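The values are calculated or read from the model by the stated rules, or taken from the named source; none is laboratory data. Here the structure is a predicted model, which means the values were calculated and not measured. Neighbour counts run over all protein chains shown; Cβ positions are idealised from the backbone, glycine included. In case anyone asks, the SASA skips ligands and DNA or RNA and just uses the protein heavy atoms, side chains included. Shrake-Rupley method; radii C 1.70, N 1.55, O 1.52, S 1.80 Å.
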Amino acid sequence: MTNPRRIIGLLVVTAIPFVARFAHQELRAPAGTTEAVLPYVLLSLMCVIVVAILDAPPRTTSVSHVLVNAIETSLLVLGAEATSQLLFPATLPRFAMLLTAALIFVWLVSYGGLNAVALRRAGGARRVVAVVNPTDGAQLLADVDVPELRDHVVVADVITSEDDYGRIAATCHRARATTLVLGPRASVNADVIEQAEVLHSEGLSVRSIESFYDEILDRLPLSSLDRFALMGDIESLHGSYAPVKRAIDIVFATLGLALLVALAPFVLVGNLVANRGPIFFTQERVGLRGEPFRIWKLRTMRPGAVDVSGWTSNDDPRITPFGKLLRRTHVDELPQVVNIFLGELSVVGPRPEQVEYARRLEQSLPFYAARHLVRPGLTGWAQVRYRYAASEEDAWVKLQYDLHYVRHESLETDLRIIWLTIRHLLVDGGR
């Protein structure tokens, strides 16, 4: 969500490349020369995009988190600058590029550090009191992992009984709450609404379970999701973004194809020696609007191994040693560039599931079919935010992330997911 902290941060980042231009003009450029402005305008736009994707500086009480985010952001800015010079040589002086990345690092560390200290002095976290009934998801907040809450903490017992509605205001005051979260039944209770209005006038933030999940946890709660609201969101999907997304898909598919060709000798030898069998694996998956398509991958299991459960764990005995290497490096996914070129798959989107498995989940999980309203992808929000699915319970949680993506599909979201995927591969070692 847009807030004053984020706006100030982006405005300063926008100005930093021009500060670097002025410094270069005064310190390094020959006397009497004037540098072109357009390259710095594009550099400024690029810096803003990087900072927006990485959500820098993060809202946190941890100074170390601020430092890591600043290092990550400044290095990505450097990488983007270097890439731009490969495409458009000599458009920016090296001094200005290095100074821009350095100033962004200094700004993010100083500004983020000040925000972290201010948050810590203010109590560190937003203090949450929740009012949810057992029938409309009383366990929703109780089941959330602490890291997901970021700077929010449930500070009072969750109020689950209508007999206790009268003590909502007193509970919030006693707990020094900053946020009141209401479940569906509580949000239509006249007594609760009256207390919520008073608390809101006193400065408390009042949220529904759905908006709290969407804004803070980056997923949607299936237990209390409004069917009509979700339908409205889906109807208003950003149609104008479709051509841009398709262009991104083609660019990344072309790069993936080049990488696949470069790795082909290694894969052929490895398959001949260690896998011994067909090199490719194909399988029907559910795609856009629920239509099945055939996905292409490099085979990682023993010849003839069939997945009948829908679940594949990292230590599945059917996976060969060479297959484990292909999976860990995600090289097994590269043939899916063919599916991207054909328009059956996108770079970013909900991961496509096996047809039989998907049909079964459509019967057991509400809203599961809604994930088919966007094109499936090589990577997705659920993949970068949650562990490898190994049960129907995991599928339940991952669906919440997928529906969040369906609601918020955009260029910024896709670029953020692509970056998080790359970081996951480089830092965490893949799956």
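Observations on the structure shown:
- Given their separation in residues at 0.36 nm each and the Cα-Cα distance between them, His330 and Leu257 gain 24.9 nm when the chain is fully extended.
- Divide the volume of the convex hull around the Cα atoms of segment 314-399 by the residue count and you get 111 Å³ per residue.
- Long-range HN-HN contacts of Leu204 with modeled amide H, under 5 Å: none
- Solvent-accessible area per residue, Å², over segment 46-96 with all protein chains present [probe radius 1.4 Å]: 47
- Amide hydrogen neighbours beyond the local backbone of Arg219, cut-off 5 Å, H modeled: Asp214
- Segments 263-269, 12-18 sorted - mean Cβ within 10 Å per residue, highest first: 12-18, 263-269
- Sequence of Thr179, Thr83, Thr34 when ordered by accessible area, the most exposed leading, probe 1.4 angstrom: Thr34, Thr83, Thr179
- Per-residue SASA entry for Glu291, accessible area with 1.4 Å probe, Å² rounded to 10: 120
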